[in-house]
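Remarks on the structure that follows.
The values are calculated or read from the model by the stated rules, or taken from the named source; none is laboratory data. Note that the structure is predicted; figures quoted are calculated from it, not measured. Cβ coordinates were reconstructed from backbone atoms using ideal geometry, including for glycine residues, and neighbour counts include every protein chain displayed.
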Amino acid sequence: MDIVERFKKYIAIDTKSDESSKTVPSTPGQLVLGRLLVQELREMGLTNAKQDEHGYVYATLQSKTQKPVPSIGFIAHMDTSPDLDGKCTNPHIFLYQGGNIILNNDYIMTVEEFPFLDKLKGKEIITTDGTTLLGADNKAGIAAIMNAVQFLVNNPDIEHGNVQIAFTPDEEIGRGTDFFDIEGFGAEFAYTVDGGPLGELEYENFNAASIKLKIYGKNVHPGTAKNVMINALRIALEIESMLPVNEKPEYTEGYEGFFLLTKLNGTVDYAEAEYIIRDHSKAKFEFKKQFFREIVKFLNYKYSRELVKAEITDSYYNMKEKIEPHMEIIELAKKSMIDLSIDPIIKPIRGGTDGARLSYMGLPCPNIFTGGYNFHSRFELIPVEDMKVASDTIVKILENNVKEK
């Protein structure tokens, strides 16, 4: 089975995660995909492949060297973002010759909006039909790992150490490592294969927190509302207006953090709002959280009552401080990319990965590319060649791990 066949098979399974669910995994489709992956791994000869009670898939490809080399892990997540339907049964596969891409009558990818398209001329690409996610985040990572394992099984003369494989559920809703068995996984370090365009290599990510606001208003008839009514929805808008205008996702890049209003609903009487906070700097991250607390404190003082309650929860932290003592992991990936004539693109992740939390759990775990673009969007796409190169990079990392000993 080639990598495109694998990828198409995986994206046709609906694995969209669900933050409101109390089960693990949060949706049954992830169990379906996990069972398929276990079956495929066993068919390759990895008899120890298993899916545990929480839906995590683990397997080991046994060492093919006598050298005492570190055991390396490769990890991808099975769920797709809740932002859009995740069951892609009608992908478009074609040779891209340039220009705008028509997904359907309603959605067009323009070169003006997506200038990176110019770099993809002459490549075979896979897009959605505009109605769903493609699922490259992170089924391209799964396909790359599975393709690499199949290649190593078919070429037993290639020396490599133990290869630990894991596929996790619910990464997109921040639960991907809640039940990850690091000890049983058995890797000394690992890579998540969850990055974007060709060459990405990342070991810095956002510090992240979520905020849930409960806003208590007072509803009376508007004809007699003077000095009595308190409009909870207007208080919510007041909170949004107090946040720095230039610290919103649409105005930030690189190391710049942001506040993002993700949900707002309610009535005059009561409203709820949800925010996320992101920043690479731990100091700026803590300042942003405190800034929000001060807004709540000020509004409750202004209106002489406790109108607003805030619940602030940390989600994950910047893995940089956990990776920097182990920069040989980054150098191994860099060298492997260069050996494949890829220019490593080392930059901060403007998001998070399972690797961030795993690094804080004791498993150093930077992130490497899948080749995909426009994740979490109906405009998601992936060049076939770049997904194949992601698989080649996995193999090269394992080869170089042996050569350096």
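Structural remarks
- Residue 110 farther than 19 Å from residue 14 by Cα, out of contact with any helix residue (DSSP H, G or I) (no Cβ under 7 Å at 6 or more places or on another chain) and among the hydroxyl-bearing types (Ser, Thr, Tyr): yes
- Any chance residue 138 is outside the structural domain of residue 281 (by TED's automatic domain parsing) and surrounded by 19 or more Cβ atoms within 10 Å (Cβ to Cβ): yes
- Pairs, first surrounded by fewer than 15 Cβ atoms within 10 Å (Cβ to Cβ) in segment 7-36, second part of a helix (DSSP H, G or I), C-beta under 6 Å, six or more apart: 19/173
- Elements of type strands (runs of 3 or more DSSP E) in segment 137-231, at least 3 residues being closer than 23 Å to residue 74 by Cα: 163-168, 189-195, 200-202
- Per this entry, residue 208 is counted among residues that are buried (at least 19 other Cβ atoms within 10 Å of the Cβ) and either within 30 Å of residue 63 (Cα to Cα) or not basic (Lys, Arg) (or both).
- Checked against the criterion of being within 27 Å of residue 23 (Cα to Cα) and at pLDDT 95 or above, the candidates 215, 211 yield just one match: 211.
- Put simply, of 275, 255, 216, 251 the only residue that is of a type in the set (Ser, Thr, Tyr) and buried (at least 18 other Cβ atoms within 10 Å of the Cβ) is 275.
- Single condition residue 92 does not satisfy, out of (1) more than 16 Å from residue 3 (Cα to Cα); (2) without any contact (Cβ under 8 Å) to a residue 60 or more places away in the chain; (3) not aromatic (Phe, Trp, Tyr): (1)
- For beta carbons closer than 7 Å, sequence separation of 6+ or different chains, a first residue in segment 279-306 that is assigned by TED's automatic domain parsing to the domain that holds residue 227 and a second that is basic (Lys, Arg) and at pLDDT 95 or above, the qualifying pairs are 279/288.
- Applying the criterion of being charged (D, E, K, R) and crowded, with 24+ Cβ neighbours inside 10 Å to the residues of segment 179-205, the residue that is farthest from residue 298 (Cα to Cα) is 194.
- Flag if residue 309 is outside the structural domain of residue 177 (by TED's automatic domain parsing) and without any contact (Cβ under 8 Å) to a residue 24 or more places away in the chain: no
- Residues (polar (S, T, N, Q) and either assigned to a strand (DSSP E or B) or exposed (fewer than 15 other Cβ atoms within 10 Å of the Cβ) (or both)) located in segment 39-67: 39, 47, 48, 51, 60, 62, 66
- Some residue of segment 327-348 being of a type outside the set (Val, Ile, Thr) and at pLDDT below 95: yes
- A search for C-beta distances below 7 Å between a residue of segment 367-387 that is basic (Lys, Arg) and any residue that is surrounded by fewer than 21 Cβ atoms within 10 Å (Cβ to Cβ) and modelled with pLDDT under 95, counting only pairs 6+ apart in sequence or on different chains, returns 378/84.
- Unmet criterion (only one of (1) surrounded by 23 or more Cβ atoms within 10 Å (Cβ to Cβ); (2) more than 10 Å from residue 166 (Cα to Cα); (3) of a type in the set (A, V, I, L, M)) for residue 76: (2)
- Against the numbered list (1) touching a helix residue (DSSP H, G or I) at 6+ places or on another chain (Cβ under 6 Å); (2) among the β-branched types (Val, Ile, Thr); (3) at pLDDT below 95, residue 228 comes up short only at (1).
- Contact map, segment 111-136: residues that are small (Gly, Ala, Ser) paired with residues that are surrounded by fewer than 12 Cβ atoms within 10 Å (Cβ to Cβ), Cβ distance under 7 Å, separation 6+ or inter-chain. Pairs shown: 130/106.
- Set side by side, the residues 323, 349 differ, and just one is outside the structural domain of residue 211 (by TED's automatic domain parsing), out of contact with any Gly (no Cβ under 8 Å at 6 or more places or on another chain) and touching a residue at least 40 places away in the same chain (Cβ under 8 Å), which is 323.
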